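Asks: My questions all concern the structure below.
The values are calculated or read from the model by the stated rules, or taken from the named source; none is laboratory data. Because the structure is a prediction, the values reported are computed rather than measured. Here the Cβ is made from the backbone with ideal geometry for all residues, glycine too, and neighbour counts use every protein chain on show.
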Amino acid sequence: MNKLKVVQLLPELNIGGVERGTKDFSKALSDLGHQSIVISNGGIFEKDIIKDGGKHINLPIHKKSLFSFFLSNKLKDIYLKENPDIIHVRSRMPAWINHYAFKKLAKKPLLISTFHGLYSTPMYSQIMSKVDHIIAISDTVKNYIIDTYKVAEDKITTIPRGCDLEVFNQDAIQPEWINKWYEEFPETKNKIILTLPTRISKWKGVDSFIELISRLDKNKFHGLVVGPTSKSKERYLNTLQSKILDLNIKKNITFTGSRSDITNIYKISDVVFNLSISPEPFGRTTIEAISCGAKVIGWNHGGTKEILEKLYPVGLVKLGNLQDLSDKVEKISDKNYPMPSENIYTSERMINKTLNLYNQLLNRSS
C-alpha cells in the first residue's frame, strides 16, 4: 500500500461520534506510516491528534457564516503547501469552504465526503454530494443520498461506523466502581436494569421509554436514562418528569445526566434500548452496548434495524408498538435468554475499509 497524505476536515474536535472517529482514524493513519492532517477549529481531541502522530491545523471552519467563505483562500494555501493525496470532508460548512478552495487547485487531490447523518435537502447540504466519492455510514444513509440527491449508486460506498474494542468490551468491572455506583443509585440494586443511553430530545424516544417502565413490574425493573440535557431541552425534561410523577414511577426511573463511565453502565445493564422515533443514521450506542455484553432492543427502522438484523434480530420491535416492546422486555431480560452475536462493527474494520476504498479510488484515477 502506497504511503498517503490525508487531510480530514471537520468543524471542531470536541466530544461526538464524528470527532472521535476523526481522531481514531488519524491515529490509525499515523500508525500505518501515512501522513495525517486534521483541519478544524480545534477542541479537546486536538492534543490527541498531535500525540498520536498527526498534524492539526487550526482554522475556524466551524462558523455557519458568509464570512467563513473568505477562509477558502487560506485553505487553498494550506493545500498548496501540504500537497495531500486525499481530502476527506466530514461536515457541511467545512465542505463549502473546501469547495471554493478546491476549485482553485490546478492539481486536484481525491475528494471524499462522509455522510454522517440524514442531511436535509437544501442547497446547503447538497455540497456533501459534490465530491469524487461518498462514504455512507449505513445503507439507510446510502439510500437516503440516492433518493434525495440523485447520486449514482456506484459513487457511494457504505462503511458502517465502529467502536473501539479496547474501550467497549466485556472486561470485568472494578469492585470499587460497583460499590460507588450503588452508593449513588441504591434504587438500582437487585433490579433488572433497563438503560436508554441518549441526550434528552423529543425524537430520541425517552417518552416511549417512560411508558415502557410504567407497564413493567415495579418490583423487578429499574430504568436509566443516561445522557445530557441541553439548556434548550430543559422545558422538555420538565414535561417528562411530570409524566413520571403522573404515572407514579418516580422510584423506578433515574435520569443520570451525562456520564463518563458509560461502558460500565452498559455492563451492568440487562437490556439497552434505542427507541429513536426518526430513523437513526447508524446507532452507535447499539454496537457499544453489544460489545459490552448487553442485550439490545430497538425499533425496526434505520441504522438500528441494520445492526440488530445482523447481531440480535430478536431485539427488533415494530415502531411505536409499546405492548410488543414490554412483552419483549419481559422475555429477553431473563438471565437465561440468549445473548447477541459478537459485535462485528469495530473501529478496526471501519478503518481498514476506508483505507481500502482510498487505494481503490486512487488506482482507478491513476
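Asks: Any residue that is among the charged types (D, E, K, R) and out of contact with any helix residue (DSSP H, G or I) (no Cβ under 8 Å at 6 or more places or on another chain) - is there at least one of those in segment 96-107? Break it down into steps so the answer makes sense when it comes.
Replies: If we filter segment 96-107 for residues that are among the charged types (D, E, K, R), which is where we start, we get 103-104, 107.
This time we only want the ones that are out of contact with any helix residue (DSSP H, G or I) (no Cβ under 8 Å at 6 or more places or on another chain), so: 103, 107.
Yes: one or more hits.
Listed here are the residues, each with its yes/no results for (1) crowded, with 21+ Cβ neighbours inside 10 Å; (2) touching a residue at least 24 places away in the same chain (Cβ under 8 Å).
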| position | (1), (2) |
| --- | --- |
| 78 | no, yes |
| 82 | no, yes |
| 95 | yes, yes |
| 105 | no, yes |
| 108 | no, no |
| 114 | yes, yes |
| 120 | no, no |
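Asks: Let me ask something else about it. All but one of (1) modelled with pLDDT of 95 or more; (2) among the hydrophobic types (A, V, I, L, M, F, W, C); (3) in contact with a Lys or Arg (Cβ under 8 Å, 6 or more places away or on another chain) hold for residue 172; which doesn't?
Replies: (3)
Asks: OK, next. Surrounded by 14 or more Cβ atoms within 10 Å (Cβ to Cβ) and either under 23 Å from residue 199 (Cβ atoms) or small (Gly, Ala, Ser) (or both), is that true of residue 21?
Replies: Values: surrounded by 14 or more Cβ atoms within 10 Å (Cβ to Cβ): yes; either under 23 Å from residue 199 (Cβ atoms) or small (Gly, Ala, Ser) (or both): yes.
The answer is yes for residue 21.
Asks: Among the residues of segment 25-60, write down those that are in a helix (DSSP H, G or I) and among the β-branched types (Val, Ile, Thr). Break it down stepwise before answering.
Replies: If we filter segment 25-60 for residues that are in a helix (DSSP H, G or I), which is where we start, we get 25-31, 46-51.
Answer for segment 25-60, where residues must be in a helix (DSSP H, G or I) and among the β-branched types (Val, Ile, Thr): 49, 50.
Asks: Residue pairs, Cβ under 8 Å, 6 or more apart or interchain, first in segment 20-43 and assigned by TED's automatic domain parsing to the domain that holds residue 354 and over 26 Å from residue 285 (Cα atoms), second assigned to a helix (DSSP H, G or I) and among the hydrophobic types (A, V, I, L, M, F, W, C). List them.
Replies: 32/355; 35/29; 36/25; 36/29; 36/49; 39/75; 39/78
Asks: Would you be able to say whether some residue in segment 64-75 is modelled with pLDDT under 95, closer than 24 Å to residue 120 by Cα and among the aromatic types (Phe, Trp, Tyr)?
Replies: For segment 64-75, residues modelled with pLDDT under 95, closer than 24 Å to residue 120 by Cα and among the aromatic types (Phe, Trp, Tyr): present.
Asks: Is it fair to say residue 295 is basic (Lys, Arg) and touching a strand residue (DSSP E or B) at 6+ places or on another chain (Cβ under 8 Å)?
Replies: On the way: basic (Lys, Arg): yes; touching a strand residue (DSSP E or B) at 6+ places or on another chain (Cβ under 8 Å): yes.
So residue 295 passes the test.
Asks: Return the only residue of 201, 208 being small (Gly, Ala, Ser) and closer than 27 Å to residue 136 by Cα.
Replies: Details: 208 fails: closer than 27 Å to residue 136 by Cα.
After applying the criteria, what remains is 201.
Asks: Only residues in segment 161-176 that are within 20 Å of residue 286 (Cα to Cα) count as the first member; pair them with residues that are at pLDDT 95 or above and acidic (Asp, Glu), Cβ under 9 angstrom, at least 6 apart or cross-chain, and list the lot.
Replies: 163/288; 167/288; 168/288
Asks: Still on this structure: Residue check: is residue 74 over 23 Å from the mean Cα position of the chain (by Cα), over 29 Å from residue 363 (Cα atoms) and either touching a residue at least 24 places away in the same chain (Cβ under 8 Å) or surrounded by fewer than 17 Cβ atoms within 10 Å (Cβ to Cβ) (or both)? Quick ask: steps written out before the conclusion?
Replies: On the way: over 23 Å from the mean Cα position of the chain (by Cα): yes; over 29 Å from residue 363 (Cα atoms): yes; either touching a residue at least 24 places away in the same chain (Cβ under 8 Å) or surrounded by fewer than 17 Cβ atoms within 10 Å (Cβ to Cβ) (or both): yes.
The answer is yes for residue 74.
Asks: May I pose another question? With in a loop (DSSP other than H, G, I, E, B) and touching a helix residue (DSSP H, G or I) at 6+ places or on another chain (Cβ under 9 Å) as the only criterion, which of 3, 63 stands out? Steps first, answer last, please.
Replies: Details: 3 fails: touching a helix residue (DSSP H, G or I) at 6+ places or on another chain (Cβ under 9 Å).
Exactly one of 3, 63 is in a loop (DSSP other than H, G, I, E, B) and touching a helix residue (DSSP H, G or I) at 6+ places or on another chain (Cβ under 9 Å), namely 63.
Asks: Anything in segment 288-315 that is more than 20 Å from residue 143 (Cβ to Cβ), out of contact with any Pro (no Cβ under 7 Å at 6 or more places or on another chain) and touching a residue at least 40 places away in the same chain (Cβ under 8 Å)? List them, or say none.
Replies: 288, 289, 291, 292, 293, 294
Asks: Here's something else I'd like to know. Would you mention how many residues in segment 200-240 are surrounded by fewer than 22 Cβ atoms within 10 Å (Cβ to Cβ) and free of Cβ contacts under 8 Å to residues at least 40 places away in the same chain?
Replies: The number of residues fulfilling the criteria is 20.
Asks: Looking at segment 239-290, which of its residues are acidic (Asp, Glu) and under 19 Å from residue 328 (Cβ atoms)? Lay out the reasoning, then the answer.
Replies: So in segment 239-290, the residues acidic (Asp, Glu) come out as 246, 261, 270, 280, 288.
Within segment 239-290, 270, 280 meet the criteria.
Asks: Separate question: How many residues, within segment 277-322, are surrounded by fewer than 23 Cβ atoms within 10 Å (Cβ to Cβ), within 16 Å of the chain's Cα centre (by Cα) and within 16 Å of residue 206 (Cα to Cα)?
Replies: 2
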